[in-house]
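*Asks:* For reference, the structure I am asking about is given below.
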Amino acid sequence: MKICERADIRGIQYIEIFCSGKRYVAAKILINISPTLYGIKPGTLLSFSSRKDKDLIKLWDIHKQDIIFDPNIHFIELKRDPNNLVVLFYHRRYLSRQIFAGKHLRFLERFGYNQHMSLDDMLEHLKRRYHISCPHEIGLFLGIPLKDVLGYLKLIPLECSYCGYWKVYGNPEKSQRLFQRYRTARHQVIQLICSGEDPVNLLKKPLRLKCNRLEQYSSIEQEKWIRVG
């Protein structure tokens, strides 16, 4: 196990023990959506569940209006049932740039989206489709490269080459670089929380991604993806 991974496990254990209420749900959100907060991922899907010791759905419902996000970050609840809640957190400017790119918009048109929709219209359409089942096009909202979405749907003749945060098709280099940046973002917010920063306050301000010696070792050594073939 690598140094960063051990540090992150200890950090998550620290949060489970010492954070409660608003700080606990804020820490959970902060860790999971950190790539979106750092502006390197347009959207992040986060699932809240109900459990007896820490009911994240209840904590979210109580505190979501008190947790003031960086003004660039928004959220939409896509689906809710008694035991699970799915929320899409997104960076509005980066998501707009992602969705309205010409080739992305042309792909989305086959699922009922169109160029006359606003971003909010598109998110509402995504929500309606999510209520039926998790739609494949959600990958674009999450920053997954179009070639990987098309490869997963078998719409282009590319083989799966790696599995990381998602299945990668064809040349994996771009996705590998993204995976490394996502891990760096997650590691840094865990370290900020463990150093005494209030996760509620961290959610209020823009974060700047730093690269230190822990993050400089090879992504191939650190990544948990599976080589295929």
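*Asks:* Can you name the strands (runs of 3 or more DSSP E) wholly within the stretch 25-142 that have at least 2 residues being of a type in the set (A, V, I, L, M) and over 23 Å from His187 (Cα atoms)?
*Replies:* In the stretch 25-142, the matching strands (runs of 3 or more DSSP E) lie at 73-81, 84-91.
*Asks:* When the stretch 27-62 is examined, which residues are found to be in contact with a Gly (Cβ under 9 Å, 6 or more places away or on another chain) and not β-branched (Val, Ile, Thr)?
*Replies:* Once the filter is applied, which keeps residues that are in contact with a Gly (Cβ under 9 Å, 6 or more places away or on another chain) and not β-branched (Val, Ile, Thr), the stretch 27-62 yields Pro35, Lys41, Pro42, Gly43, Leu59.
*Asks:* Can I ask one more? Could you tell me which residue of the stretch 34-92 is farthest from Pro135 (Cα to Cα), considering only residues that are of a type in the set (Asp, Glu) and under 18 Å from the mean Cα position of the chain (by Cα)?
*Replies:* Asp70
*Asks:* Among the residues of the stretch 146-157, is there at least one that is among the basic types (Lys, Arg), within 19 Å of His74 (Cβ to Cβ) and under 20 Å from the mean Cα position of the chain (by Cα)?
*Replies:* No, the stretch 146-157 contains no residue that is among the basic types (Lys, Arg), within 19 Å of His74 (Cβ to Cβ) and under 20 Å from the mean Cα position of the chain (by Cα).
*Asks:* Here's a follow-up. Please tell me if Arg186 is outside any loop (DSSP other than H, G, I, E, B) and closer than 14 Å to Lys28 by Cα.
*Replies:* Yes.
*Asks:* Residues Leu56, Leu85: which one is crowded, with 17+ Cβ neighbours inside 10 Å, farther than 22 Å from Asp120 by Cα, touching a Ser or Thr at 6+ places or on another chain (Cβ under 8 Å) and hydrophobic (A, V, I, L, M, F, W, C)?
*Replies:* The unique qualifying residue is Leu56.
*Asks:* Please specify each residue of the stretch 91-123 satisfying the condition of being touching a residue at least 40 places away in the same chain (Cβ under 8 Å), loosely packed, with under 15 Cβ neighbours inside 10 Å and either β-branched (Val, Ile, Thr) or within 26 Å of Leu37 (Cβ to Cβ) (or both).
*Replies:* Passing the criteria: only Arg97.
Each value in this text was obtained by applying a stated rule to the coordinates, not by laboratory testing. If you're wondering where the values come from, they're calculated on a predicted model, not measured in any experiment. Every residue, glycine as well, gets a Cβ built from its backbone with ideal geometry; the counts of neighbours run over all protein chains shown.
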